[in-house]
Amino acid sequence: MKKVLAVKRMRGLWREGLSSAFRTALACTVVGCVSLYAPPSITTLISFPAFSYVTAILIITNHATFGHALRGCCLALYATLHTIGPAIFTLWLLGPGRLSKVGTAVAVALAAFVVVLPWPHSAAHLLAKRLALGQIVLVYVVAYDNGVHTDPLMHPLRLAASTALGALACLVTLLLPYPRFACSQMNEMYKLLTKNMSKRLRILIKVISEEEKANAIGFISQAKSLATKRTNLLSLITLYKEGVQWEIVPCKILRSHCLSKIQRLGEVDKNLRGMELALTCTNSFTINILNQNLKHGLNNLEEHISVAIKQPKQGLRGGSLTVPESNAKDVTLFLQSLQTIPTTHQQLPIFFFLFCTQLLHKKPLKQAPTSAQDNNTNENSHWANWVATLRNTNFIPPIKFSLSLGLAVFLGLVYSKENGYWAGLSVAVSYVSGREATFRAANVKAQGTVLGTVYGVLGCFVFQRFFHIRFLSLLPWFIFTSFLQRSQMYGPAGAISAVIGAVLILGRKNYGPPSEFAIARIVETFIGLSSSIFMDLILEPKRASTCAKMELSQCLATLGESIGSLSLLYSETNLEEKLTTLKMQVSELKKFVVEAEVEPNFWFVPFNSVCYNKVLGSLSRMVELLWFGERALKFLQQEFQRCGAYEKEDVNTLNAKLEHVKEFICSSIKNIEEICGTKRVEKNENPYDVEAGKSSECNTCMVSGLGEDGIEEIIGWFLQLCRSVVDKLDGDESEVKNQVVLSLSALGFCLFSCIRGTIEIEEAIIEIVQ
């Protein structure tokens, strides 16, 4: 079975790689045929075929669709309008004959600063900025090279025509030999995702119902494998979603249908993830504690939800993926037998698992529609904050990039006047809006450039007598680089550099010997990359390990605020917003950790990636668990308010216990911040004076000092109070009482897992410090 799956996966990779290679090759072939064999009236207008290739390769990436190509054409037009117009005015005002090496570098740096500056309300995409920066380099450097022979009007317009050729070639490529629409790809991903969810649900039900522990462990392994595939599918869906938004008639109806179906699956995926967490977040998970009634009910529920997932037209009601309403009560009758809070924390995973299954067919809480007046108010407030946003903009990254680009242009012109633009072009087309692993990026780009250039020179040597068909030698190179782009060693940056290096040599004519051009381009590329590294080191250098440490501090602070927002009292705590912020911070921390893993140590302390990944795993699980805790609290708040339970002493006592537990966790998190040295402790921040004999259990005791007995005692007291609250519910129907039991049990599981997660974070950070 495993061999069959491996063969299918390999076939899929080859099919996707060949498809991507074919589209890229076709786009470059269109550019090559037009630039090499078109009539003179056209070839004279397209005087920058190299940039046509660059444009085509930047637009067509892996998994490109017609929507992506259409977006690329619009972004190319956007970049051209914002670059060529000012360039025409500047060249007419200064005169091309007056440009010098220094003047050209300054002009490029100033124009680049304007492009990369993050203007408020700017719709500029990263691709548009890369194309605009490439145009800036070419328009000024080539104008300096040609001197007084440069036409201030036609020179920028020829560059615009070359850009348009590359963009239109991409558009044609995604329509031939058959259209590749993002809508159809999204629909295919939807089918695969529904199958994945159905299999995950079936296996998870088998795990919870299995009597043999060895078999249950095997099912858990299968569930993890399916969860990994689910992550890949969701990343592809996110990628195709960008293309879907650009595809209009005749795909408008199909577009809205695809997006709505994917959106409906989001809630199901979260609940399945909760069921997986129930099986993985505790080491004391007991397998065989379900009775036959619960097992039979879970199997029926699995069948109904699988039908609803596969047939959304019949099973979708109220914007949620649910079982048919007529059978909803019958399907969930088995849960009503759960009328008692579990006695030990070992049973909490089972109840949390059942809580997630209950959410699978439950309608989500609807949000109030936003009125037009609210939209106008928000829009006015956005424009009112325009000046404040610009004032708070960090100008260091734009200054750093513009200086590195200007330095690359200047040094490139010093080395070679004719090929000086390659130094600046290598920096321009690789621009990133955020941080990147500077040394690793430069390394893979340099290696990719050398590999592509060497292949191009060999191709010219082999096909030197067959000039008209030597372009066909690029086809195997496109296939190779399409797989190279997926590799962990090179990635997209190295693969794109390799493609450009080969295309620029094999797709040219009347430029002299290919070997001389290859050497000049390799040297210019190294000059550009060295300029980027130099500026990154001397101007506000920040190592990724330092950024990871600072981001970890923010994650811990937001985590403490999120846990501190847990409350049984009906109040606006903005817990959902804090969890969204925490999720974004954890994602940013992951980027820094990945960057720090490939960052050279030099004379610095080696980065402890193992411990940081442990912290990341714990933080990610706690974010997901707190999301379920927030759902449980919402139901409890509504139910307690409806039945007037807030007036009872038991509910207030339970809420006081919840406050005690969360304050204990938050105090431990603050102590963890102090351990890792990410938070400066001021005297006025510590209200406890050791000399005065005052102390606090929360401030001096860490969660790691509790041990299993201490954790069990805390959760045991919480569960005992929960049982008291459930037993004193007045005359509620069994269904509501069952939901209260499951919600309180889910809350208890979240608290238990948060304590465990805090211990894991503390242990990892202590190891980092040591």
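Projecting label points 7 angstrom from Cα along Cα→Cβ for PHE395 and SER100 puts them 2.6 nm apart.
Measuring r between the beta carbons of SER433 and THR44 and using R0 = 45 Å, the FRET efficiency lands at 0.80.
For the cross-link pairs LYS191/LYS583; LYS224/LYS728; LYS199/LYS670, the ones whose C-alpha atoms lie over 30 Å apart are LYS224/LYS728; LYS199/LYS670.
Full extension of the segment from GLU188 to TRP14, taken as 0.36 nm per residue of separation minus the current Cα-Cα distance, would add 60.9 nm. Contact order for the stretch 509-628, expressed relative to its length and based on alpha carbon pairs under 8 Å spaced 6+ residues apart, stands at 26 percent. The stretch between ARG642 and GLN488 holds 49.9 nm of extra length on full extension. This uses 0.36 nm per residue minus the Cα-Cα distance.
What is the stretch 536-641 by shape, rounded, prolate or oblate, if you read a ≥ b ≥ c off the alpha carbon gyration tensor as root eigenvalues and call it rounded for a/c under 1.5, prolate for a/b larger than b/c, and oblate otherwise? Cα axes put the stretch 536-641 in the prolate bin. Between THR280 and LEU537, the FRET efficiency estimated from the beta carbon spacing at R0 = 41 angstrom works out to 0.45. Compared with the alpha-carbon gap, the fully stretched path from SER724 to GLU576 is longer by 50.4 nm at 0.36 nm per residue. Label separation (TYR415 vs LEU110): 2.7 nm, computed from points 7 Å beyond Cα along the C-beta direction. Remark: the Cα gyration tensor places the stretch 399-439 in the prolate category, a/c being 1.5 or greater and a/b exceeding b/c. Amide H to amide H distances under 5 Å link ASP151 with no residue, where only residues 5 or more positions off or on other chains count and H is placed in the peptide plane. Between LYS224 and LEU153, what FRET efficiency comes out of the Förster formula 1/(1 + (r/R0)^6) with R0 = 56 Å and r the beta carbon distance, rounded to 0.05? In this case the efficiency is close to 0.35. Working from Cα pairs under 8 Å separated by at least six residues, relative contact order for the stretch 50-200 is 45 percent.
Any read-out appearing in this document is the output of simple, stated calculations on the displayed coordinates, not a laboratory observation. Worth saying up front: this structure is predicted, and the values here are computed from it rather than measured. FYI the Cβ positions are ideal-geometry reconstructions off the backbone, even for glycines, and counts take in every protein chain you see.
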